[in-house]
Amino acid sequence: MNKPLAVEIRSSFDVDAVRADFPILRQQINGHPLVYLDNGATTQKPQMVIDAICRFYSEDNSNVHRGAHTLSDRATEKFEAARKALADFIHAPDQREVIWTRGTTESVNLVAQSWGRKNLQPGDRVLVSAMEHHSNIVPWQMVCAEKGATVEPIAVDENGCIELDAFRSMLDERVKMVAVNHVSNALGTINPVAEMARLAHEAGALILVDGAQAASHWMVDVEAIDCDFYALSGHKMFGPTGIGLLWGRAELLEAMPPWLGGGEMIESVSFAGTTYNQIPFKFEAGTPNIADAIGLAAAVTYLNSLDRDGAIAHEKALLNYALEKAAAFEGLRLVGTAVQRVSVMSFVLEGIHAADIGMLLDQQGVAVRTGNHCAQPIMDQFGLDGTVRASFSFYNTFEDVDRLFAALEKAREFLL
Ligand code: PMP
């Protein structure tokens with residue numbers, strides 16, 4: 001492993017100890033030790049998360065908020081403690097502001113369908129960046145089509161950065177919502193969401209931040225960003241699939257109508273008229289995903305136990321090492337070259353289709369994502385139908401980077 005000295009000095013994070021917490025990493029794929037570089041799609045789960053879910057079903061399983069027995073009390077206590085853990089994790093001032101959802105997609109749809117249907121008028125504008133994931137475009141298109149409002153893209157430059165001047169000049173009194181990702185899954189760009197929140201608020205608009213790709217890389221602080229809504233997916237931050245959250249300011253959530261109707265979200269039901277529960281329950285119709293909320297709280301406990309500064313420095317060193325190798329790799333073109341970025345490397349290889357590369361890397365045990373990354377508009381802007389995306393996490397090693405490039409070399413020899 002020929003890692004540069006600068007990297008060695010910067011990275012004292014104990015990656016071997018961390019890897020030992022992730023059982024899935026200890027396996028062979030197609031006869032090679034697994035190199036998992038698809039963390040943007042979903043992260044792996046530490047044993048602690050797996051155990052928390054197993055323990056819940058083995059010892060505490062019951063429905064929440066409704067039983068008159070010990071198990072139900074225990075399940076409710078753990079479920080609400082999980083909400084508190086997530087509220088603390090994102091610096092939410094009030095745990096009632098944390099609504100459990102299935103993930104970022106559902107969180108954005110909740111705001112679009114509840115806030116949007118109530119507040120958007122014909123002629124109103126919703127601004128989204130040109131590098132949004134489809135889940136932060138399509139829900140807005142759906143509600144805007146219904147309400148006679150428009151969804152307009154904020155320009156992104158050739159490096160993959162939001163053009164702040166263009167954004168500033170778009171803002172007027174008809175802009176009611178700005179919806180932007182904290183980190184682009186396709187390019188890795190970290191967006192200036194705090195600055196965008198300030199500008200949106202000055203113009204009288206609200207801002208929703210899609211944080212799906214942020215919480216796996218650093219500590220999210222919704223108060224510091226000063227946004228109005230923040231969406232997260234548990235599975236992208238070392239927790240289970242099928243659970244995530246929407247954080248929203250209490251006064252906004254309280255003024256929003258419920259989206260899904262059913263049990264739990266009501267105060268009383270009668271044919272003369274139904275009244276609704278308080279937040280957050282007003283937005284949590286039906287039996288929630290109790291076990292995975294508890295699993296997600298275990299992921300947060302795990303993250304809090306890590307040397308996060310060390311993890312951030314390690315990821316940065318991995319990215320820099322990968323970028324050095326990329327610069328020396330003939331025919332490789334990076335897609336997304338923002339200075340402010342997470343450990344994501346999106347690229348194309350001249351003359352080779354991304355899907356073919358993905359397949360040949362998998363044969364060598366290297367897992368990457370290929371395709372448009374559910375971000376077709378930005379791919380169109382770059383004139384591509386897809387890229388290869390290697391997304392690193394703190395459990396990746398310099399050797400993983402070496403393996404990626406060795407596998408790319410072989411794939412190129414095979415295909416060209
Ligand atoms: N936004 C971004 C930036 C994402 O990367 C993703 C997942 N790729 C989503 C939203 C959607 O997340 P989920 O599928 O967990 O709802």
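The values are calculated or read from the model by the stated rules, or taken from the named source; none is laboratory data. Model, not experiment: these values are computed from the prediction. For neighbour counting, all protein chains shown are included, and Cβ atoms are generated from backbone atoms with ideal geometry for every residue, glycine included. All accessible areas refer to the heavy atoms of the entire protein, side chains included, with ligands and DNA or RNA removed. Shrake-Rupley method; radii C 1.70, N 1.55, O 1.52, S 1.80 Å.
In this view, the solvent-accessible surface of ASP157, computed with a 1.4 Å probe and all protein chains in place, comes to about 40 Å². At q = 0.07, 0.09, 0.11 Å⁻¹, what base-10 log of I(q)/I(0) does the Debye formula yield for the chain when every alpha carbon is treated as an equal point scatterer in vacuo? Reported log10 I(q)/I(0), two decimals: -0.35, -0.58, -0.85.
Using Cα springs under 10 Å in a Gaussian network model of the chain, which residue among LEU252, LEU296, LEU361 shows the largest mean-square fluctuation? Highest fluctuation of the listed residues: LEU252.
Annotation for region 161-184 versus region 247-297: alpha-carbon center distance of 30 Å. Helix 354-363 versus the longest principal axis of the chain: what is the Cα-based angle in degrees, 0 to 90, to the nearest 10? Helix 354-363 sits at roughly 80 degrees to that axis. Placing unit charges on each Cβ (+1 for Lys and Arg, -1 for Asp and Glu) gives the chain a dipole about its Cα centre, and among SER393, GLY261, ASN136 the Cα reaching farthest toward its positive end belongs to GLY261.
For the chain, a crude dipole built from +1 on the beta carbon of Lys and Arg and -1 on the beta carbon of Asp and Glu, taken about the Cα centre, is about 520 debye to the nearest 20. Largest accessible area first, the listed residues ILE24, ILE90 line up as ILE24, ILE90 when surface is computed with a 1.4 Å probe on the assembled protein chains. Applying a threshold of 29 Å to the alpha-carbon distances of LYS45/LYS78; LYS84/LYS147; LYS45/LYS84; LYS78/LYS147; LYS236/LYS325 flags LYS84/LYS147; LYS78/LYS147 as lying beyond it.
Of the Cα atoms belonging to region 244-374, the radius of gyration and Dmax stand at 23.3, 72 Å. Sorting 297-309, 259-271, 335-347 by average packing, meaning the other beta carbons within 10 Å per residue, from highest down gives 335-347, 297-309, 259-271. Relative to its Kirkwood radius, the Cα radius of gyration of region 185-234 gives an Rg/Rh of 0.96.
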